[in-house]
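The values are calculated or read from the model by the stated rules, or taken from the named source; none is laboratory data. Everything numeric here is computed off the predicted structure, so don't read it as measured data. Cβ sites come from the backbone with ideal geometry, for glycine too, and all protein chains shown count toward neighbours.
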Amino acid sequence: MKNITITCDRCGKSVEGIIDKCKTTGAIVTGGYYIVAEGSWKEFARDTEEYVCDDCMHTDPKYQKIYTP
């Protein structure tokens, strides 16, 4: 696991997060932010976004529709 600091492309906030690679599947796992430039989270990205913090993602209407009970 590696600590990483990213800047949210949606709100501009600096976020302390983590990034790791799953040992069984090889998938990239993050904490504190989402990588929306590729993979399954790409559907939530806006133009030119690469990183979105947890706060911004959790208030995204599309995300809420899918992941909020």
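Taking first residues from the range 1-22 that are over 21 Å from residue 47 (Cβ atoms) and partners that are surrounded by 11 or more Cβ atoms within 10 Å (Cβ to Cβ) and of a type in the set (Phe, Trp, Tyr), the Cβ contacts under 7 Å between residues at least 6 apart in sequence or on separate chains come to 17/33.
Identify all residues within the range 28-69 that are of a type outside the set (D, E, K, R) and loosely packed, with under 11 Cβ neighbours inside 10 Å; write none if there are none. Selection gives 40, 48, 61, 66, 67, 68, 69. Tell me yes or no: at least one residue of the range 1-17 is at pLDDT below 95 and either of a type outside the set (Val, Ile, Thr) or touching a strand residue (DSSP E or B) at 6+ places or on another chain (Cβ under 7 Å) (or both). Within the range 1-17, one or more residues are at pLDDT below 95 and either of a type outside the set (Val, Ile, Thr) or touching a strand residue (DSSP E or B) at 6+ places or on another chain (Cβ under 7 Å) (or both).
Residues checked against (1) in contact with a Pro (Cβ under 8 Å, 6 or more places away or on another chain); (2) of a type in the set (Val, Ile, Thr); (3) on the phi < 0 side of the Ramachandran plot:
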| position | (1), (2), (3) |
| --- | --- |
| 9 | no, no, yes |
| 15 | no, yes, yes |
| 48 | no, yes, no |
| 51 | no, no, yes |
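Identification of strands (runs of 3 or more DSSP E) wholly contained in the range 2-41 with 2 or more residues that are acidic (Asp, Glu) and either in contact with a Gly (Cβ under 6 Å, 6 or more places away or on another chain) or more than 20 Å from residue 66 (Cβ to Cβ) (or both) yields 14-21.
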